[in-house]
1. Any residue that is without any contact (Cβ under 8 Å) to a residue 40 or more places away in the chain, of a type in the set (D, E) and either in contact with a helix residue (DSSP H, G or I) (Cβ under 9 Å, 6 or more places away or on another chain) or open to solvent by 10 Å² or more (accessible area, probe 1.4 Å) (or both) - is there at least one of those in the range 4-16?
2. Pick out, from the range 147-228, the helices (runs of 4 or more DSSP H) lying fully within it that include 1 or more residues that are aromatic (F, W, Y) and buried (at least 17 other Cβ atoms within 10 Å of the Cβ).
3. Given the criteria at positive phi and either aliphatic (A, V, I, L, M) or open to solvent by 40 Å² or more (accessible area, probe 1.4 Å) (or both), does D116 qualify?
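The values are calculated or read from the model by the stated rules, or taken from the named source; none is laboratory data. A quick note: this is a predicted structure, and the numbers were derived from the prediction, not measured. Glycine gets a Cβ as well: all are built from the backbone with ideal geometry, and neighbour counts include every protein chain shown. Only protein heavy atoms, including side chains, enter the accessible area calculation; ligands, DNA and RNA are left aside. Shrake-Rupley method; radii C 1.70, N 1.55, O 1.52, S 1.80 Å.
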Amino acid sequence: MKTIGLIGGMSWESSVKYYKVINEEVKERLGGLHSAKCLLYSVDFEEIERYQAEGDWESAGRALGEVASSLEKAGAEFIVICTNTMHKVIDHVEARINIPVLHIADATANEIQRADMKTVGLLGTAYTMEQDFYKSRIQSNGINVLVPDKEERNTINNVIFEELCLGKMEQSSKEYFKSVIQKLVDRGAEGVILGCTEIGLLIKPDDSEVPLFDTTVIHAIEAVNTALKLEYLK
């Protein structure tokens, strides 16, 4: 079993889910008392979020690059960035290490292709929904990506940072997300990407008439596949 290096804390709420899913998956596959060999470096999200808000992605990239380097030195054999948005700085991270980084959008695109879907909706932070670093990675696999309108994107972003990252699960926000998902379906989405690792804490499969792609779970399972030296199944 390879040792997984987890860059977490963005937010720690979703990092808990990564740790849980990874260990449950290893136990399910190997049985007995097996659990995952992993190292978790949990950053102070206040610092990272400040870089995001200021548009200082270079400083954010340097910070995560240093974390990745620390994990490599500690024995990690590959890196998992436990957040969608911070894959914007994956190049900075990769430049600091000699081990691979598992890209969350690649794992998600593989799942969408396995479901034989051509058009999906995307929910996430404003950065993820509006900038190309994430959408283009999905689209490069021949998948059309739909995003909510500007007002909806702003509301979704506010819920993520002001509620979900703080562990608050409000019913009113759940209903709002469900209505946005339905609008994406009405526009032709065959499935919807929960492209922020906290959204899966609020929205569940039963909340949508189309399949949901929970990136936290997808990414965590891809980490287990890699740790157990299995090729990702397409």
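1. No, the range 4-16 has no match at all.
2. Result: 150-162, 171-186.
3. On the way: at positive phi: yes; either aliphatic (A, V, I, L, M) or open to solvent by 40 Å² or more (accessible area, probe 1.4 Å) (or both): yes.
Judged against the criteria, D116 is a match.
So that you can scan it fast, the table gives a plain yes or no per residue for (1) open to solvent by 10 Å² or more (accessible area, probe 1.4 Å); (2) more than 29 Å from K150 (Cβ to Cβ):
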{"position": "A68", "(1), (2)": "no, yes"}
{"position": "E77", "(1), (2)": "yes, yes"}
{"position": "K88", "(1), (2)": "yes, no"}
{"position": "V93", "(1), (2)": "no, yes"}
{"position": "H103", "(1), (2)": "yes, no"}
{"position": "A109", "(1), (2)": "no, no"}
{"position": "V120", "(1), (2)": "no, no"}
{"position": "Q131", "(1), (2)": "yes, no"}
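Yes or no, residue by residue, for (1) at pLDDT 95 or above; (2) within 13 Å of V217 (Cβ to Cβ):
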position: S14; (1), (2): no, yes
position: Y19; (1), (2): yes, yes
position: I22; (1), (2): yes, yes
position: E25; (1), (2): yes, yes
position: H34; (1), (2): yes, no
position: K37; (1), (2): yes, no
position: L40; (1), (2): yes, no
position: D44; (1), (2): yes, no
position: A53; (1), (2): no, no
